[in-house]
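Enquirer: My questions all concern the structure below.
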Amino acid sequence: TVHVSGCHRSCPRATAMEEVEEYEKGYGKGPYGTREVSLCSIRFNPTVSALAALCLWGFVAYAVLDEKSSSVFGAWMSWVTDKFTWFYIISQDYWLLYLFPLVYYYGDMKLGKDDEEPEYGDLTYLAMVWCAGVAIGLIFYGASEPMIHAMNGKNRYNNDGYSNENQRAQYGLHITMFHWGFMAWIVYCLTAITMGFLAYRKGLPLCFRTTLAPVLGRATWGWLGDVLDIVTIVTIVAGLTTSLGIGAKQIVEGCRRLGFLPEQLEDQLTQTACWIIGIVTMCATASVVAGLDFGIKSVSYVAFMLGNFLILVVFCLDETWYILNVLVSSLGFHLQHIIEISFDTDAFAQLRPGNGQPNDGLGADPSWMNGWTIFYWGWWIAWAPFVGTFMARVSRGRTIKQVVLYTLTIPCGYAFLWFGTFGAAAIRMDRRATFLAEMGLKMHNNSNYFLHSSAGFRPSTAGNCYNVPATLNVTDYAVNPYVTPVCNFAGADSNGFWFDLMNQYYGMGTFLTFVSIVTTVLYFVTSSDSGSLVVDLIAANGREAHVSQRVFWAVTEGAVAIATVASGGFDSLSGLQAVSIVMGLPFTFILMIMCTSLWRALKIEAGDMPKINRRTDWTLPLYGGIFDLPEVALTCGRCPLPSRKSIVDFFGALVVPGYVLYQALTGLSRHQKEPMTLRVRAILGALTQFLFMAFIGFHAASATYWWMVDQDAVGHGLWAFAWISYISMAGFLAFGRHQIRRAYSIEGSGMEDFWSSLLLYPQALAQMVSQIASEPIARAKAVEEGPFDTL
């Protein structure tokens, strides 16, 4: 819409113009025009709630009933990680770099009104942020991941052919800190800032669709926003279901080692896990019902403190000075190599046999990048709507700088301490166990001479444990005999290695294992109740949900996990996990758009960009015109029908983009003092149409050759020329859109012009034709003098 003003400041309508809202409302009855149904005191978005539940249970039914579902979902995940490694890597780097100008220019902006104070104290705030962001992964991977990267997984560091054992240990810690450090938390941080700013400063609903409001405008509250919230809920619950299953598996392992559960439990493993999931779900439901200020806050605080207790125990009872040395050297090593690893894609290592795979057998395994780094990136991104929304909910009253400090900087530092401490202790314990096995063989011709036999349960796949002798006929042998038994790491028992580590300290293994299980359960509960809170908010259009809604979604999460594990065992969880990871790809695109959205919102708030009543926007938004038709149907006509011309222009551009571009440039020339010549306009239109026809023709020819019996190598490669033609066509369209946008002083960038033309070329052309029907406004002069200073 073109927003202009032509009266003086003293004009009575001046006040009304100043009060024009920046964000247009939808056509529903809920907050900002979202769809809403009220049943007594229960208010919810019927479209989002019903379709999210239907999609979720549909996925569950498929995962449970079809034996091939895990392989199908796994194939999806492999395709995404294989084809988009570069995109996952560069997007994470972009978000981290984006943060620097964000904090520099707008760091003092509050997520709330200027006079609002933080809702929660710093320590409580950090505890809730930490517990929501990392959950049970801390204990599941705390001791084992550095060992895997140092010893088991073939990566570019431990299989380089020349690194010694110390270097491989350092690389293991470096990779682990990379996976759990800045790149993990940046997506949460940006989502929290965007949602918190728009919800608490601008009054928009606290749901994920709000992050795109500055870009999507009114469409945010319509069917596009509904689709985004539905996908968000399904992704959140699928991810939480996977975490519930993983957590249950580790709790079962710990309880067997403590003797709380029978040792021979393989046949009843899934049944026991289902009971544990049910108990945890009941606790999470109670926490959600108790509310954020009592239930979730209290559980998060206790879990955070128990985690601190465990890290301090290991720090004090292990070799303290050794751990300090590891932390310092690992920090320096990580900072030195962070740029290198942040941009590494394993481009050469991912090539398969016969397709360019290295012939020396060194370097990373072809699947390592997809199985670790890209898996993590997809996981963090898929969890961004959940964790980011929760962080936004508890960040009210804080500045952007404070949010960055508590949702990125401090958590990264804490993760560094956690994995540095437990990783260092695990590496030392494994080396001590290997040493004792070698000494037994050397001195007694028996590698099991110092073998530790325990009355407690340890799986057959676990590494051997050894009693540490107080004295040994070895030069410079000086050990603490109370840190025993020490165990070797075994990749097949990576989820149980944590308990081996806890079991070595001063005979307190049973106690520390029990504390670990309790901590895991509490992290388990905080993940579930935080996720339920977020799903409640989204389903209720950003408002605090009725207690019955909280119970429904909390129970749904547990029921999905139980149904999946009970029917297909833990293997069925891999299918839902794959769904969650695959959804990381579209969310990556959404988060990229979200960055533009946040920047635009902050510029308007700071006065660096004119407000809606002082600027010129596109008369036909990219999300308008033909894309309004679904909203017309969903609102039963409350949304007005789009103009016939916008639909005709869309389909015309779909078929003859060159002619529509010529029309747009011709219309623009009538508003320019120095217009583009007729010859240039005709050439641009003709070239655009030629490239479009080439795009279709090359694809048709390539498809024909693929079906021919006599295969032609040249013909098979014509699809490449098709896409070259299409991208070139998009370049011409972006040039035309850029010319029109500049003439009308419309906010935007050349990149936006290009991507709009590449992804939505018919709508971009319809937008251009619609715009040239109005007169350009000399915005620069009007903004300089003020909206009411010109007549």
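Enquirer: So what are the radius of gyration and Dmax for the Cα set of region 439-482, in Å?
Expert: 12.3, 35
Enquirer: Looking at the chain, identify the longest residue range that excludes and avoids all trypsin sites (Lys or Arg not before Pro) in DSSP loops having at most 12 other Cβ atoms within 10 Å.
Expert: Counting only loop sites that pass the neighbour cut-off, the longest clear stretch is 114-669.
Enquirer: Work out the FRET efficiency for L65 and K25 from their Cβ-Cβ distance, taking R0 = 41 Å, and round it to the nearest 0.05.
Expert: 0.45
Enquirer: Then there is this: With a Cα-only, solvent-free Debye model of region 503-559, what are the log10 I(q)/I(0) values at q = 0.15 Å⁻¹?
Expert: Evaluating at q = 0.15 Å⁻¹ gives log10 I(q)/I(0) of -0.54.
Enquirer: If contacts are Cα pairs under 8 angstrom and at least 6 residues apart, what is the relative contact order of the chain in percent?
Expert: Reported relative contact order: 23 percent.
Enquirer: What's the FRET efficiency of H444 with S78 using the Cβ-Cβ distance as r and R₀ = 41 Å, to the nearest 0.05?
Expert: In this case the efficiency is close to 0.25.
Enquirer: Another question, then. Quickly work out the I593-to-F721 label distance, labels modelled 7 Å from Cα along the C-beta direction, and quote it in nm with one decimal.
Expert: 3.5
Enquirer: Over the Cα atoms, compute the radius of gyration (one decimal) and Dmax (the largest Cα-Cα distance, rounded to a whole number) for region 383-464, in Å.
Expert: Every Cα atom of region 383-464 included, Rg and Dmax give 22.7, 68 Å.
Enquirer: What is the extension gain from W86 to A703, computed as 0.36 nm multiplied by their sequence separation minus the C-alpha to C-alpha distance, in nm to one decimal?
Expert: Residue separation times 0.36 nm, minus the Cα-Cα distance, leaves 219.3 nm.
Enquirer: Now for a different question. How much space per residue, in cubic angstrom, does the convex hull of the C-alpha atoms of region 16-69 take up?
Expert: Output value, Cα hull per residue: 109 Å³.
Enquirer: Equivalent ellipsoid semi-axes for region 407-510, as square roots of 5 times the alpha carbon gyration tensor eigenvalues: give them largest first, rounded to whole Å.
Expert: Value: 27, 17, 12 Å, ordered largest first.
Enquirer: Gain in length, Q268 to N325, computed as 0.36 nm per residue apart minus the alpha-carbon separation, to one decimal in nm?
Expert: Full extension from Q268 to N325 adds 16.0 nm.
Enquirer: Here is a follow-up. Provide the convex hull volume over Cα atoms per residue for region 365-406, in Å³.
Expert: 72
Enquirer: In region 112-169, which chymotrypsin sites (Phe, Trp or Tyr not before Pro) fall in coil by DSSP and have 16 or fewer other Cβ atoms within 10 Å?
Expert: Hits after loop and neighbour filter: Y162.
Enquirer: Another question, then. Spelling out what I want: for every residue of region 503-514, take phi, set θ = phi - 60°, compute 6.51 cos²θ - 1.76 cosθ + 1.60 (Karplus), and round to whole Hz; glycine and proline get x.
Expert: Per-residue couplings from phi come out as 6, 8, 8, 6, x, 9, x, 4, 5, 5, 5, 4 Hz.
Enquirer: Let me see the P(r) profile for the chain: every Cα-Cα distance counted, bins of 10 Å, each bin given as a percent of all pairs.
Expert: In order of increasing distance, the bins hold 2, 12, 20, 23, 19, 12, 7, 3, 1, 0, 0 percent.
Enquirer: Further, regarding this structure: For region 487-529, would you read off the P(r) tail past 16 Å as a percentage of all alpha carbon pairs?
Expert: 46
Enquirer: On to the next question. Give, as a single signed number, the net charge of other residues whose beta carbon lies under 12 Å from the beta carbon of S41, with Lys and Arg counted +1 and Asp and Glu -1.
Expert: With Lys, Arg at +1 and Asp, Glu at -1, the neighbours total +1.
Enquirer: Here is a further query. Can you figure out the FRET efficiency of L417 with E544, using R₀ = 22 Å and their beta-carbon distance, to the nearest 0.05?
Expert: The computed FRET efficiency comes out at 0.05.
Enquirer: Residue by residue through region 211-217, what is 3J(HN,Hα) from phi via Karplus (6.51 cos²θ - 1.76 cosθ + 1.60, θ = phi - 60°)? Round to whole Hz and write x for glycine and proline.
Expert: In residue order, the calculated couplings are 4, 9, 4, x, 9, 8, x Hz.
Enquirer: Roughly how many Å² of L678 are accessible to a 1.4 Å probe, to the nearest 10?
Expert: Looks like 100 Å² after rounding.
Enquirer: Now a separate question. Can you tell me how much longer the chain between I42 and D115 gets when fully stretched, taken as 0.36 nm per residue apart minus their C-alpha distance, in nm with one decimal?
Expert: Computed gain between I42 and D115 is 23.1 nm.
Enquirer: So what's Rg/Rh here for region 70-115, counting alpha carbon atoms and using the Kirkwood radius for Rh?
Expert: 1.33
Enquirer: Oh, and also: Taking N as the number of residues in region 102-187, what is its alpha-carbon radius of gyration divided by 2.2 N^0.38 Å?
Expert: Compactness ratio reported: 1.59.
Enquirer: Where does helix 85-106 land angle-wise versus the long Cα axis of the chain, in degrees 0 to 90, nearest 10?
Expert: Result, in degrees: 70.
Enquirer: I need the shape label for region 296-338. Rule: rounded when a/c is under 1.5, else prolate if a/b > b/c, else oblate, with a, b, c from the alpha carbon gyration tensor.
Expert: Taking the square roots of the gyration eigenvalues as a ≥ b ≥ c, region 296-338 is oblate.
Enquirer: Taking each pair of distinct Cα atoms in region 737-777 once, what is the resulting Kirkwood hydrodynamic radius in Å?
Expert: 10.4
Enquirer: Can you pull the Kirkwood radius for region 711-758, inverse mean 1/r over Cα pairs, to one decimal in Å?
Expert: Across region 711-758, the inverse of the average 1/r is 12.1 Å.
Enquirer: Using the Kirkwood radius built from alpha carbon pairs, what does the Stokes-Einstein equation give as D for region 435-567 at 10 °C and 1.306 mPa s, in µm² per second?
Expert: 85
Enquirer: Taking the Cα atoms of region 598-721, report the difference between the largest and smallest coordinate on each principal axis, in whole Å and largest first.
Expert: 64, 46, 33
Enquirer: Determine Rg/Rh for region 265-311; Rg is computed over alpha-carbon atoms and Rh is the Kirkwood hydrodynamic estimate from the same atoms.
Expert: 1.15
Enquirer: Just for the Cα atoms in region 319-382, what are the lengths along the principal axes, largest first, rounded to whole Å?
Expert: Taking max minus min along each principal axis of the Cα atoms, region 319-382 gives 49, 35, 22 Å.
Enquirer: How big is the shadow of the Cα convex hull of region 44-179, averaged over all directions, in nm²?
Expert: Quarter of the Cα hull surface area: 14.7 nm².
Enquirer: Something else now. Just to confirm the number: angle between the C-alpha axis of helix 223-258 and the first principal axis of the chain, 0 to 90 degrees, nearest 10?
Expert: On a 0 to 90 degree scale, this one is about 0.
Enquirer: For region 651-663, take each phi angle, set θ = phi - 60°, evaluate the Karplus expression 6.51 cos²θ - 1.76 cosθ + 1.60, and give the result in whole Hz per residue in order, putting x for glycine and proline.
Expert: 6, x, 5, 4, 9, 10, x, x, 5, 5, 4, 4, 4
Enquirer: Given the DSSP H assignment, sum -39500 (n - 2.57) over each helix run of at least 4 residues in the chain and divide by its residue total; what's the result at 222 nm in deg cm²/dmol, nearest 500?
Expert: -21500 deg cm²/dmol
Enquirer: I would also like to ask the following. Which of rounded, prolate, oblate describes region 646-713, given a ≥ b ≥ c as roots of the alpha-carbon gyration tensor eigenvalues and a/c under 1.5 marking rounded, otherwise prolate only if a/b is larger than b/c?
Expert: oblate
Enquirer: In nm, give the distance between the simple-model label positions of A559 and N467, each being 7 Å from the Cα along the Cα-to-Cβ direction.
Expert: 5.4
Enquirer: For region 302-449, what number results from the quotient of the Cα radius of gyration and 2.2 N^0.38 Å?
Expert: 1.44
Enquirer: Here's something else I'd like to know. Can you check what the Kirkwood hydrodynamic radius comes to for region 144-262, Cα pairs only, in Å to one decimal?
Expert: Here the Kirkwood hydrodynamic radius works out to 18.5 Å.
Enquirer: Pop a pseudo-label 7 angstrom from the Cα along the beta-carbon direction at both Y105 and S342 and give the gap in nm to one decimal.
Expert: Roughly 1.9 nm, to one decimal.
Enquirer: Same structure, new question: Which percent of Cα pairs goes in each bin when the distances of region 183-236 are cut into 5 angstrom slices starting at zero?
Expert: It works out to 4, 20, 26, 26, 17, 5, 1, in whole percents.
Enquirer: Mind pulling the angle between the C-alpha long axis of helix 547-582 and the longest principal axis of the chain? Nearest 10 degrees, somewhere in 0 to 90.
Expert: Rounded to the nearest ten degrees, it is 70.
Enquirer: May I ask you to work out the translational diffusion coefficient for region 489-618 at 25 °C, viscosity 0.890 mPa s, via Stokes-Einstein with Rh from the Kirkwood sum over Cα pairs, reported in whole µm²/s?
Expert: The Stokes-Einstein estimate is 125 µm²/s.
The values are calculated or read from the model by the stated rules, or taken from the named source; none is laboratory data. Everything numeric in this text was worked out from a predicted model, so none of it was measured. Neighbour counts run over all protein chains shown; Cβ positions are idealised from the backbone, glycine included. Calculation scope for accessible area: heavy atoms of the full protein, side chains included, ligands and nucleic acids excluded. Shrake-Rupley method; radii C 1.70, N 1.55, O 1.52, S 1.80 Å.
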